[in-house]
1. May I ask you to verify whether Arg181 is of a type outside the set (A, V, I, L, M, F, W, C), over 21 Å from Val140 (Cβ atoms) and touching a residue at least 12 places away in the same chain (Cβ under 8 Å)?
2. Read through the list (1) loosely packed, with under 14 Cβ neighbours inside 10 Å; (2) more than 23 Å from Ala189 (Cα to Cα); (3) not hydrophobic (A, V, I, L, M, F, W, C), then give the number of the only condition that Glu333 fails.
3. How about segment 188-211: which of its residues are in contact with a strand residue (DSSP E or B) (Cβ under 9 Å, 6 or more places away or on another chain) and either polar (S, T, N, Q) or part of a helix (DSSP H, G or I) (or both)?
4. Looking at Arg257, Arg262, which is the one that is under 24 Å from Ala307 (Cβ atoms) and not in a strand (DSSP E or B)?
5. Among the candidates Arg155, Arg114, single out the residue that is charged (D, E, K, R), modelled with pLDDT of 95 or more, surrounded by fewer than 21 Cβ atoms within 10 Å (Cβ to Cβ) and touching a strand residue (DSSP E or B) at 6+ places or on another chain (Cβ under 7 Å).
6. Given the conditions (1) touching a Ser or Thr at 6+ places or on another chain (Cβ under 8 Å); (2) at pLDDT 95 or above, and given that Arg164 satisfies all but one, which numbered condition is not satisfied?
7. Working only within segment 200-214, note down all residues that are farther than 17 Å from Pro226 by Cα and in contact with a Lys or Arg (Cβ under 8 Å, 6 or more places away or on another chain).
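The values are calculated or read from the model by the stated rules, or taken from the named source; none is laboratory data. Because the structure is predicted, anything quoted here is derived from the model rather than measured. Positions of Cβ are backbone-derived with ideal geometry, glycine not excepted, and every protein chain shown enters the neighbour counts.
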Amino acid sequence: EKNLELLKRSHRAGIRGIFTSLIIPEENFEEGKECFFRLLSWACAHEMEVCADVSPRAVEKLKLSRIEELYGLGIRCLRLDAGFTDGEMAELSKKHPVMINASCIGQKQLLLLREKGMCFENVTGCHNYYPKPHTGLGEVFYRRQNELFHRFGIRIITFIPGDRQKRGPLGEGLPTLEFFRRKPLGYNAAWVYLNREEHDAVYIGDPDFSEEAEEYAALLSRDCLPLPARIQDERYAGLFRGRRLHFRPDRGEDTLRVQESRIRKEFQTNPEPAAPAELKRGDIVVSNKNYGRYCNEVEILLRDLPADGRYNVIGRVEEVYISLLDLLDGDLEFEFICKE
């Protein structure tokens, strides 16, 4: 029941892909087979695509005669783990969607797979997740692998860890990139979204996630970036909650300017000047009456600035998210997630 409820929550959040493994050494498939097929049936009925990590031993373990039989059970795609020959992978790709290991396969093997007749249109590159701390990929290698796979026309999928129950036996999260392990799920999801030219989809590797993460996933599935912030001015907290906003397309050197704050009537609060304060990268500021025609404009600071009596500080982006400011494009749709 717990797993079914998680599927329902995922569906509500706009998540349409499920990844499962049929080769985890600690798992006894026979004990959980009935539950697995019940969940698979529910997922298929609700148009959620299920991908399964398999090895040649999975055929024997599941008492199948051929690996292709898994497709007939409702599994949309198979991630082919170690043990399959290049010929077997190529042959399977001619009739079915398959995933290959984007973390371990290099250019030489991709060329061999092409020689074997692999149908790259049916192939997705799925990175590994790394349960053991300090073993996840570095960003430079990750980007190099993605570039290689994209040159062959292969889509890329990556993993970020969950933020609630972590998969055993280590319980240290299941990230592709090692730095994901040290960041909150919201940050990782935003990073993946803002670097979406690198990859085509993302899985939450661990078996559970929080209600907050569900809210973030729902926004991102609708192309709206959640940006957690502490808003100290209650007037603006009320204006920001649940409201989609946009940055101006002409990204500034020092600030990101919120388009709606100059043109929407509800933002015309005409704030009185406050005592000048230090202006720090990540601060959310509003231009007060001292700024004349620019009064009411809301901005996020991209760097520290000298104290300026024309600005009132009304809040601050949460510290862990400030590094994302360098990735924000002009004309991006976002929503402040107002923290207490």
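1. Values: of a type outside the set (A, V, I, L, M, F, W, C): yes; over 21 Å from Val140 (Cβ atoms): no; touching a residue at least 12 places away in the same chain (Cβ under 8 Å): yes.
So Arg181 does not fit the description; no.
2. (2)
3. The answer is Asn188, Ala189, Ala190, Trp191, Val192, Tyr193, Leu194.
4. Details: Arg257 fails: not in a strand (DSSP E or B).
Among Arg257, Arg262, only Arg262 is under 24 Å from Ala307 (Cβ atoms) and not in a strand (DSSP E or B).
5. Values: Arg114 fails: touching a strand residue (DSSP E or B) at 6+ places or on another chain (Cβ under 7 Å).
Result: Arg155 is the single residue among Arg155, Arg114 that is charged (D, E, K, R), modelled with pLDDT of 95 or more, surrounded by fewer than 21 Cβ atoms within 10 Å (Cβ to Cβ) and touching a strand residue (DSSP E or B) at 6+ places or on another chain (Cβ under 7 Å).
6. (2)
7. Asp200, Ala201, Gly205, Asp206, Pro207, Asp208 - these are the residues of segment 200-214 that are farther than 17 Å from Pro226 by Cα and in contact with a Lys or Arg (Cβ under 8 Å, 6 or more places away or on another chain).
For (1) charged (D, E, K, R); (2) in contact with a Phe, Trp or Tyr (Cβ under 6 Å, 6 or more places away or on another chain); (3) free of Cβ contacts under 8 Å to residues at least 40 places away in the same chain, each residue gets a yes or a no:
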position: Ile23; (1), (2), (3): no, no, no
position: Lys33; (1), (2), (3): yes, no, yes
position: Glu47; (1), (2), (3): yes, no, yes
position: Leu64; (1), (2), (3): no, no, yes
position: Ile67; (1), (2), (3): no, no, yes
position: Leu78; (1), (2), (3): no, no, yes
